[in-house]
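Participant: Quick one: the structure is below, and I'll ask about it shortly.
Since every read-out is calculated from the coordinates, none of them should be taken as a lab result. Keep in mind that what you see is a predicted model, and the values were worked out from it rather than measured. Cβ placement follows ideal geometry from the backbone for every residue including glycine, while neighbour counts extend to all protein chains displayed.
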Amino acid sequence: MNRKIITAGGALLIVGAIVALFFLLRPFFAGEQIPNPVLLQIGGIQIRWYGMLIALSFLPGIYVAYRMAKNWGINPDHVFNIVIICAPMALIFARLFFCALNLDYYSRYPIQILYLWQGGLSIYGVVFGGILGCLIYAAVSRLPLLRIMDLGAVPLVLGQAIGRWGNFFNQELFGYPTDLPWKMYLAPANRENAYQGFNFFQPTFLYESIANLLLFVLLLWRARKKNLAPGVIAGLYLIGYGLIRFLLEFVRIEPAAVGFLTWGQLASVVTILVGGAILLFINRRQNAHRAAAMVIAPTVPELAMEVFRTGPVIPALLQQPPEEPEPKTEPEPKIETEPMAEPEPEPKAELKPKTEPEPEPNKPE
């Protein structure tokens, strides 16, 4: 009963938060206000929403990974070690991937590669940098690589759902112009040159945030199984996010790279293939274990061929092999031994009665 009350209360809290968020964000979507990317400024130092949300997204992710490790019987201290190694690798690769996709700009202004607070991180850089970090930690800790990737997949997709709101404050990663009820106003300074005549665009950051949140709930529910094979969560994440991103690229304003596919879609295809390969590997390994642990019964074609060969009799395949008689063991011959003669008792020495000495006769003096 208490669990039902807690569940109902949590559901009401989530619904209330969504409604409050809607009324808070409505002026920004309608164009009545423009989001300020700066959260706090102290002197010449700016703390931006983008960087703050990226940093805060780690906290709930670490807690989720900690609970998952305890559920799977893994020392939770490994979670903190994984974060120490994987987080810097993911951040570096995320920035490098983004700069590589915008090489013309950053080749002219290389110092701005370090301006992480201004935005510009590639999520696929996070994914592949995180996998590299998992490889390093697996070699050091001797933990299974796929299990380490499982511990990182669920927190990562939760961090993506939170971090995407940094794009909202920076007014970036929007889709094509639209008149849908949930359209969002985009300031002229943040519009593409080809779309300066339009005011409202698809909020693709919102689509991805919601989709990532749903994927997080699915993976978290699947990870509750204690004997889950290593790699299942990682494979599902790679396939799930790959599909989300592949479909969203048709709505986002991105130039085509190969044919009609963008770089994001090409990376999504690679991600889906890697996730599928992981699940296929797990499935084949489990089938091999099952085959080794069970006796394979004869198939219908095998039975038919045996009937055809031997005639209308019970196929030999159905007959149980005759039991082998147990080898008879001859009894060992008994060796008769003569009973040992008991030793004769030693004769007891006769005890002579003590005789008092006779008194000597008195000698004459």
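Participant: Report ³J(HN,Hα) in whole Hz for each residue of the range 258-265, in order, from the Karplus equation J = 6.51 cos²θ - 1.76 cosθ + 1.60 where θ = phi - 60°; Gly and Pro get x.
Facilitator: Once θ is set to phi - 60°, the couplings for the range 258-265 become 10, x, 9, 8, 8, 4, x, 6 Hz.
Participant: In whole Å, largest first, what are the principal axis extents of the Cα atoms in the range 84-191?
Facilitator: On the principal axes, the range 84-191 reaches 53, 38, 18 Å in Cα extent.
Participant: Between rounded, prolate and oblate, where does the range 17-79 land on the alpha carbon gyration tensor, with a ≥ b ≥ c its root eigenvalues, rounded for a/c under 1.5, else prolate if a/b exceeds b/c?
Facilitator: Taking the square roots of the gyration eigenvalues as a ≥ b ≥ c, the range 17-79 is oblate.
Participant: Please identify every one of the trypsin sites (Lys or Arg not before Pro) in the range 99-154 that sits in a loop by DSSP and has no more than 13 other beta carbons within 10 Å of its own beta carbon.
Facilitator: Of the trypsin sites (Lys or Arg not before Pro), the ones in loops of the range 99-154 whose Cβ has at most 13 other Cβ atoms within 10 Å are ARG142.
Participant: Ratio of Rg to Rh for the range 174-243, alpha carbon only, Kirkwood?
Facilitator: 1.23
Participant: Evaluate the distance, in nm, between pseudo-label points positioned 7 Å from the Cα of ALA8 and of PHE198 along their respective Cα→Cβ axes.
Facilitator: Label at ALA8, label at PHE198, 4.6 nm between them.
Participant: Need the C-alpha centroid separation for the range 115-145 versus the range 183-262, integer Å.
Facilitator: Taking the Cα centre of each part, the range 115-145 and the range 183-262 sit 19 Å apart.
Participant: Per-residue HN-Hα couplings for the range 72-79, Karplus 6.51 cos²θ - 1.76 cosθ + 1.60 at θ = phi - 60°, whole Hz, x for Gly and Pro?
Facilitator: Using θ = phi - 60°, the values come out as 8, x, 9, 4, x, 4, 4, 4 Hz.
Participant: Per residue of the range 192-204, what does 6.51 cos²θ - 1.76 cosθ + 1.60 with θ = phi - 60° give for ³J(HN,Hα)? Whole Hz please, x for Gly and Pro, Karplus curve as stated.
Facilitator: Here the 3J(HN,Hα) series is 5, 4, 6, 10, 5, x, 10, 10, 10, 9, 6, x, 5 Hz.
Participant: Would you grab the residues whose amide H sits under 5 Å from the one on ALA257? Only those 5+ places off in sequence or on another chain, please, with H modelled 1.01 Å from N.
Facilitator: THR262, TRP263
Participant: Here's another thing I want to ask about it. Report the per residue volume, in Å³, of the convex hull enclosing the C-alpha atoms of the range 1-158.
Facilitator: Once divided by residue count, the hull of the range 1-158 is 175 Å³.
Participant: Moving on to the next point. Can you work out the FRET efficiency for the pair GLN41 and TYR63, with r the C-beta to C-beta distance and R0 = 35 Å, to the nearest 0.05?
Facilitator: About 0.70, to the nearest 0.05.
Participant: Sticking with this one: Taking loop as defined by DSSP and a crowding limit of 15 other beta carbons within 10 Å, which trypsin sites (Lys or Arg not before Pro) in the range 211-297 fit?
Facilitator: When the trypsin sites (Lys or Arg not before Pro) of the range 211-297 are filtered for loop state and at most 15 Cβ neighbours within 10 Å, ARG224, LYS225, LYS226 remain.
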